[in-house]
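To start, the structure itself, in structure tokens.
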Amino acid sequence: MHYFVYKDFAGDWRWRLKSSNGNIVADSAEGYRNKSDCLHGINLVKGSSAAPVYE
């Protein structure tokens, strides 16, 4: 899997998490004005592995 960072049509930064077959597994729910904020969002997702799962 890999993260893909790109600029959308509005000029905001966004990210997508893609599986090895190219399917999008997750994406940013918002656009970021600064690339550093977008990368910070990726790091938040990476660090959430211990977060509980609720139904």
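Once every Cα of the chain carries one equal point scatterer and solvent is ignored, give the base-10 log of I(q)/I(0) from the Debye formula at q = 0.16, 0.22, 0.26, 0.27 Å⁻¹, two decimals.
So the normalised log intensities are -0.51, -0.86, -1.05, -1.09.
Accessible area of the chain with a 1.4 Å probe: how many percent of it is carbon plus sulfur?
On the way: 2250 of 4340 Å².
That share works out to 52 percent.
Where only protein heavy atoms count, and the probe is 1.4 Å, what is the accessible area per residue for the chain in Å²? Kindly include the intermediate steps, with their values, before the conclusion.
Working: 4340 Å² over 55 residues.
With the other protein chains kept in place, the chain gives 79 Å² per residue.
Given 0.36 nm per residue, what is the gain on full extension from PHE9 to LYS46 after removing their alpha carbon distance, in nm? Mind showing how you got there, number by number?
Values: separation 37, 0.36 × 37 = 13.32 nm, distance 2.59 nm.
Taking PHE9 through LYS46 to full extension adds about 10.7 nm, to one decimal.
Where does helix 35-46 land angle-wise versus the long Cα axis of the chain, in degrees 0 to 90, nearest 10?
Value to nearest ten degrees: 10.
Please compute the modelled spin-label separation between GLU55 and LYS35, points set 7 Å along Cα→Cβ, answer in nm with one decimal.
4.4
The values are calculated or read from the model by the stated rules, or taken from the named source; none is laboratory data. These figures come from a predicted structure and were not determined experimentally. Glycine also receives a Cβ, built like all others from the backbone with ideal geometry; neighbour counts cover every protein chain displayed. Heads up: the accessible areas ignore ligands, DNA and RNA and are worked out on the full protein's heavy atoms, side chains in. Shrake-Rupley method; radii C 1.70, N 1.55, O 1.52, S 1.80 Å.
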